[in-house]
Amino acid sequence: MNPLPLGLGVAAAALSLVGLASLGRALDVQITTVQASTHGPSDAQLLGLRPRLRRLVGYRSFRVVGQERRSCTWRSSEAFVIPGGRALYVVPKAMRDETVVMQVRLLDGPRSLVDTDVRLQNRGVMLFGVEKDTRADEGALIIMLRAEE
């Protein structure tokens with residue numbers, strides 16, 4: 001009997017078990033919703049991100065209007081309520097090379113605003129700018145997505 005195929009099979013099984021073990025841990029997902037407007041103060045917790053936020057939407061003032069953090073199970077959909085009647089669905093798919101792979105869907109009622117797969121650096125933040133919020137007096141909505149294993 002040739003020991004090479006058996007050794008490769010054992011190595012593949014071990015790698016598979018390592019992958020499944022990492023999927024056994026939950027992924028910590030934080031959604032922060034920010035209202036951007038043309039004038040007014042910005043929340044202190046957003047001052048460090050203000051230049052990045054300004055480049056994204058072009059507004060000057062940023063205020064946190066919603067924040068939710070939860071542990072998400074791998075390969076299961078989690079719904080986050082976004083102010084203004086929107087919903088953000090996140091499906092963590094895998095962890096590869098310190099990068100979280102997930103599906104992200106943002107719905108405004110029956111209308112899909114975002115439906116994509118993303119790769120997000122572990123402990124990184126991704127920003128989604130949402131078109132001008134017609135339900136508010138002015139400004140835009142920014143959704144900050146953060147994931148950490």
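The values are calculated or read from the model by the stated rules, or taken from the named source; none is laboratory data. Only a predicted model underlies this, so the values are computations on that prediction, with no experimental measurement involved. Glycine also receives a Cβ, built like all others from the backbone with ideal geometry; neighbour counts cover every protein chain displayed.
Right, S112: of a type in the set (S, T, Y) and either assigned to a strand (DSSP E or B) or more than 22 Å from E148 (Cβ to Cβ) (or both) or not?
So S112 fits the description; yes.
Might you check whether a residue that is at pLDDT 90 or above, under 25 Å from L127 (Cα atoms) and under 20 Å from the mean Cα position of the chain (by Cα) occurs anywhere in segment 10-26?
No; the residues of segment 10-26 include none that is at pLDDT 90 or above, under 25 Å from L127 (Cα atoms) and under 20 Å from the mean Cα position of the chain (by Cα).
With respect to A79, is the statement that it is surrounded by fewer than 16 Cβ atoms within 10 Å (Cβ to Cβ), touching a Phe, Trp or Tyr at 6+ places or on another chain (Cβ under 6 Å) and not in a loop (DSSP other than H, G, I, E, B) true? Lay out the reasoning, then the answer.
On the way: surrounded by fewer than 16 Cβ atoms within 10 Å (Cβ to Cβ): yes; touching a Phe, Trp or Tyr at 6+ places or on another chain (Cβ under 6 Å): yes; not in a loop (DSSP other than H, G, I, E, B): yes.
Judged against the criteria, A79 is a match.
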